[in-house]
């Protein structure tokens, strides 16, 4: 998938900070699968398959980083470590005395494409070294996994404006207008940021919602 626009960014939704790539990827791959199962009843059936689930979508891309124009600095500390930071398990899980932590949720944005996700893998290949062995060029293969299912729409761009800051909340249930009012946004802004809402008049309690900062 090719996307036009500014430079791609990875925003840590819980850890804070935004990583901006040095060069946009030439392309990236978006994979969405749907799991279908065979009926277990004996004999022929009018419907041969039954829907099981939609696993999280994945996005994968190769990013290139180069410090040869900047005095051959270490490409790891200059660029690669910024991506690796998004894999650090530094976000507490739940409440209480537990020490369990996980990596941050991330919003990947490039042009009109946006996805709330986690970083599943970062694989680095160093391609060039300075005379003293310092790596100065790298190819980094990044794989992202969707955090919350987002249904595809028939047109238009993504649900988020690139660069918009957001926070995640758990719905207490109710209507879209009441939840939007309680969080200081308009109903339209809430619905645009949360395509998983199928019934604005009856949003279930516990649904994870994205609230844009205005």
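Take each of the peptides 114-123, 16-25, average the number of other beta-carbon atoms within 10 Å over its residues, and list them starting from the highest. Show your work: numbers first, answer last.
On the way: 114-123: 18.2, 16-25: 14.7.
Sorting 114-123, 16-25 by mean packing, highest first, produces 114-123, 16-25.
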| Expressed in nm to one decimal, what extension gain is obtained for the pair residue 139 and residue 187 from 0.36 nm per residue of sequence separation less their Cα-Cα distance? | 13.0 nm
| field | residue 7 paired with residue 177, simple spin-label distance in nm, labels 7 Å along Cα-to-beta-carbon | value | 4.4
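Bear in mind these aren't lab numbers, they're just calculated from the coordinates by the rules spelled out. Remember, predicted model here, so these are calculated numbers, not experimental data. All Cβ positions, glycine included, derive from the backbone under ideal geometry; neighbour counts span all protein chains shown.
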